[in-house]
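Engineer: Input: one structure, supplied below.
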Amino acid sequence: MPSRPMALQTVADDGRMFFFSATDFDKNKEIRNNPQVKLFFANTGSSEYLNVFGDVEISDERAKIKELWSVWAKAWFQDGSEDEKLPLLILTPKKCEYRDTKHNKMVQLLKIAASLVTGKTMDDGMEGELKM
């Protein structure tokens with residue numbers, strides 16, 4: 001399945017993630033064939049990364065669509081929250097992995113420089129799995 005950018009609408013208290021998607025988009029057809037997906041989130045300014053593996057369902061839950069609707073979504077869905085071509089993609093996470101740095105960018109750069117000079121790897125990262 002190809003990757004593509006998506007705009008996360010919200011994360012529920014139970015960890016489910018909600019996205020808007022048009023019914024005629026290729027990704028919806030792909031999800032119907034295989035609901036298992038991998039999401040990749042990046043906060044490059046802080047070198048924070050998150051991989052989320054889970055199952056996606058396509059939902060026409062109008063109340064939730066109205067709740068999540070914003071003026072930004074109108075750029076893609078001109079008929080508003082009532083657009084019949086506007087379902088929700090709801091991801092239920094099964095596994096989450098993170099990668100984070102221990103220090104800010106300046107310290108990271110200094111450690112890289114020190115590594116190049118000394119020939120020793122300077123570990124500046126933390127990684128692990130979030131418990132579901």
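Engineer: Scan the range 1-45 residue by residue and report those that are within 26 Å of Thr101 (Cα to Cα) and aliphatic (A, V, I, L, M).
Structural biologist: Met6, Ala7, Leu8, Val11, Met17, Val37, Leu39, Ala42 - these are the residues of the range 1-45 that are within 26 Å of Thr101 (Cα to Cα) and aliphatic (A, V, I, L, M).
Engineer: From the list Gly15, Gly45, exactly one residue is closer than 24 Å to Glu67 by Cβ and out of contact with any Leu (no Cβ under 7 Å at 6 or more places or on another chain). Which is it?
Structural biologist: The match here is Gly15.
Engineer: Oh, and also: Quick check on the range 35-49: of everything there that is without any contact (Cβ under 8 Å) to a residue 60 or more places away in the chain and surrounded by 15 or more Cβ atoms within 10 Å (Cβ to Cβ), which residue is farthest from Ser3 (Cα to Cα)?
Structural biologist: Among them, the one singled out is Tyr49.
Engineer: In the range 39-71, what residues are of a type in the set (Phe, Trp, Tyr) and either in a strand (DSSP E or B) or under 18 Å from the mean Cα position of the chain (by Cα) (or both)?
Structural biologist: Phe40, Phe41, Tyr49, Phe53
Engineer: Out of the range 1-38, which residues are within 15 Å of Gly54 (Cα to Cα) and part of a loop (DSSP other than H, G, I, E, B)?
Structural biologist: Passing the criteria: Met1, Ser3, Ala12, Asp14, Gly15, Arg16, Asn34, Pro35.
Every number here is computed from the coordinates shown, using simple stated rules; none is lab data. These numbers were taken from a predicted model, which means no experiment stands behind them. So basically every Cβ, Gly included, is an ideal-geometry build from the backbone, and we count neighbours across all protein chains shown.
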